[in-house]
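Before any comments, here is the structure.
The values are calculated or read from the model by the stated rules, or taken from the named source; none is laboratory data. Bear in mind that the values here come from a model prediction, so they are computed numbers and not experimental data. Every residue, glycine as well, gets a Cβ built from its backbone with ideal geometry; the counts of neighbours run over all protein chains shown.
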Amino acid sequence: MTDVISPLERVKKQLAAPLDRAKSLKSLIRAEAANTQSAGQISQKVIDALDEAELYWFAVPTELGGEDASMRERFELFEEVASYDASTGWSYMTLAGFNGYSSVGLGDDAVRELFVERDPRARTSGFAGPSGVAVPVEGGYRLTGKYRFGSGVLHATHFAAGAFIDGTDKIVTGFVPREHVTVTGGWDVFGLKGSGSVDFEVNDVFVPEQYFFSPVDYVPLRGGAGGRMDFGSTAIAYHSAVSIGNAKHALQEIVKIADAGRQVPGHDKIIDQARFTYEFAHHESRLEAVRALTLSNIENARVKIESGEEMDDFDKARFFQAGNLVHEVSREVVEFAFRWAGTSPVRDGSALGRALLDSLVAQQHAHVDHHKVVEAAPAIIDHYRVG
């Protein structure tokens, strides 16, 4: 990165650690979960609180006024927020996550405008996959496309929109100001309803070249190791954090129900039943195991990146392998909690019922589809070929 970006000219707050700031919002996010659900987007009270806590920009490099959080810090923060409400966690993850991508991968002019000169600072989100066409013109591209599943975009100032460069198979992602985007809706779902993952369109909009990066050949231009993992592995780590957070919420809910004396007439309270306590310990251990696997992958990537090495195919395959397993185990944990809770979670507004539906929808994401494991398997098999 060149020296064209000066330090952010604003009064810096004395901020607590990002995770501690998130924990201070737990009661608010839980209290607003029903409003988030009914509105189909994060409630404005929560949006404002996340803004005030400066949590949208904790993954932005320090030279742009952010905190340059490590990948582990990002994982733990997204996990924590999702344990309060999965829809809020999912949408927030995409906003803070895309801010990380864009602040590291876009050109100097773009990041200066988005994160230094702009007040309020940008919130970016969208769909990085190639659902459009970028036609090269002088100074940039004219971008056209129709996009699905734009999680978080209802709160974004700039929309990420992926496209093939016209006449090629090269993929780029451009960041388009909100006023040049048409939101078309389409998020009529039974889970993650509050994530606001709506469809949107971009129609022949000029976007300067500085506002593009390639999600396939992602080149970090600034910041530390936390923002230098490849695009795909990073996305998997983020989604895994939300899935695990949702499963932890389910475990908290079933403990609350068990401690309140839940029992079937003629049987012991479930908290006193060996089968319940065994199953709880069994599922909780599996959740902790997949969490540890994900954090191990993150740590291995950090060590390589900080030593100047590139992540190889095996490293990347491990993320997709783990991501698929994380979502499978997380769903099973939520199903366990739901099954033992009796009839209470079947009613509208139930936190445990919402967690179950959220886990089912989260597992349908393209990043954790079983085909991703099929694609990852050859690199993993090669690892076990002893010369």
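GLU284: assigned by TED's automatic domain parsing to the domain that holds VAL333, within 18 Å of GLU253 (Cβ to Cβ) and charged (D, E, K, R), yes or no?
yes
Here is a list: ALA281, ALA289. Which entry is free of Cβ contacts under 8 Å to residues at least 60 places away in the same chain, out of contact with any helix residue (DSSP H, G or I) (no Cβ under 6 Å at 6 or more places or on another chain) and under 18 Å from GLU80 (Cα atoms)? Before the answer, list the steps.
On the way: ALA281 fails: under 18 Å from GLU80 (Cα atoms).
Matching residue, one of ALA281, ALA289: ALA289.
I'm trying to understand the selection: among the residues of the stretch 256-271, which are without any contact (Cβ under 8 Å) to a residue 24 or more places away in the chain and under 30 Å from GLU79 (Cα atoms)?
We begin by selecting, within the stretch 256-271, every residue without any contact (Cβ under 8 Å) to a residue 24 or more places away in the chain; these are 256, 259-261, 263, 265-269, 271.
Scanning the stretch 256-271 gives LYS256, ASP259, ALA260, GLY261, ILE271.
Please state which one of GLU328, GLU309 is out of contact with any helix residue (DSSP H, G or I) (no Cβ under 6 Å at 6 or more places or on another chain), in a helix (DSSP H, G or I), at pLDDT 95 or above and surrounded by fewer than 21 Cβ atoms within 10 Å (Cβ to Cβ).
GLU328
Residues are listed down the side, and each one gets a yes or a no for (1) polar (S, T, N, Q); (2) touching a Phe, Trp or Tyr at 6+ places or on another chain (Cβ under 8 Å); (3) not assigned by TED's automatic domain parsing to the domain that holds ARG142:
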{"position": "ARG222", "(1), (2), (3)": "no, no, yes"}
{"position": "ALA241", "(1), (2), (3)": "no, yes, yes"}
{"position": "ASN246", "(1), (2), (3)": "yes, no, yes"}
{"position": "GLU253", "(1), (2), (3)": "no, no, yes"}
{"position": "LYS256", "(1), (2), (3)": "no, no, yes"}
{"position": "GLY261", "(1), (2), (3)": "no, no, yes"}
{"position": "VAL290", "(1), (2), (3)": "no, no, yes"}
{"position": "THR294", "(1), (2), (3)": "yes, yes, yes"}
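Please find, among ARG142, ARG118, ARG72, ARG112, the residue that is surrounded by fewer than 24 Cβ atoms within 10 Å (Cβ to Cβ) and at pLDDT below 95.
Testing whether each residue is surrounded by fewer than 24 Cβ atoms within 10 Å (Cβ to Cβ) and at pLDDT below 95 leaves just ARG118.
Conditions tested, residue by residue: (1) touching a Phe, Trp or Tyr at 6+ places or on another chain (Cβ under 9 Å); (2) over 25 Å from PHE58 (Cα atoms); (3) not assigned by TED's automatic domain parsing to the domain that holds SER102.
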{"site": "GLY162", "(1), (2), (3)": "yes, no, yes"}
{"site": "GLU179", "(1), (2), (3)": "no, yes, yes"}
{"site": "TRP187", "(1), (2), (3)": "yes, yes, yes"}
{"site": "SER197", "(1), (2), (3)": "yes, no, yes"}
{"site": "GLU201", "(1), (2), (3)": "yes, yes, yes"}
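Looking at (1) under 20 Å from ILE380 (Cα atoms); (2) buried (at least 17 other Cβ atoms within 10 Å of the Cβ), find the lone condition where ALA258 falls short.
All conditions pass for ALA258, except number (1).
Specify the residue that is nearest to LEU106 (Cα to Cα); the eligible residues are those in the stretch 163-196 that are assigned to a helix (DSSP H, G or I) and in contact with a helix residue (DSSP H, G or I) (Cβ under 6 Å, 6 or more places away or on another chain).
It comes out as SER195.
Any chance the stretch 345-353 includes a residue that's surrounded by fewer than 17 Cβ atoms within 10 Å (Cβ to Cβ), of a type in the set (D, E, K, R) and not in a helix (DSSP H, G or I)?
yes
Can you say whether THR157 is under 18 Å from GLU209 (Cα atoms), polar (S, T, N, Q) and crowded, with 16+ Cβ neighbours inside 10 Å, as far as the supplied structure shows? Step through it out loud before you land on a result.
Working: under 18 Å from GLU209 (Cα atoms): no; polar (S, T, N, Q): yes; crowded, with 16+ Cβ neighbours inside 10 Å: yes.
No, not satisfied.
Can you spot a residue in the stretch 275-283 that is modelled with pLDDT of 95 or more and part of a loop (DSSP other than H, G, I, E, B)? First the steps, then the outcome.
Going residue by residue through the stretch 275-283, those that are modelled with pLDDT of 95 or more are 275-283.
Of the ones still in play, those that are also part of a loop (DSSP other than H, G, I, E, B) are none.
Scanning the stretch 275-283, I find no residue that is modelled with pLDDT of 95 or more and part of a loop (DSSP other than H, G, I, E, B), so the answer is no.
Consider PHE159 carefully, then state whether it is assigned to a strand (DSSP E or B), of a type in the set (A, V, I, L, M, F, W, C) and closer than 23 Å to ASP48 by Cβ.
Answer is yes for this residue.
How many residues are under 35 Å from the mean Cα position of the chain (by Cα) and at pLDDT 95 or above if we restrict to the stretch 252-274? Let's see the steps before the verdict.
Let us first name the residues in the stretch 252-274 that are under 35 Å from the mean Cα position of the chain (by Cα), namely 252-260, 262, 270-271.
Applying the additional criterion that residues be at pLDDT 95 or above yields 252-260, 270-271.
Residues that pass the stated criteria total 11.
With respect to VAL202, is the statement that it is touching a residue at least 60 places away in the same chain (Cβ under 8 Å) and in contact with a strand residue (DSSP E or B) (Cβ under 9 Å, 6 or more places away or on another chain) true?
Yes, satisfied.
Scanning the stretch 261-291 for residues that are in contact with a Leu (Cβ under 8 Å, 6 or more places away or on another chain) and of a type outside the set (Val, Ile, Thr), which turns out surrounded by the fewest Cβ atoms within 10 Å (Cβ to Cβ)?
So the residue we want is GLU284.
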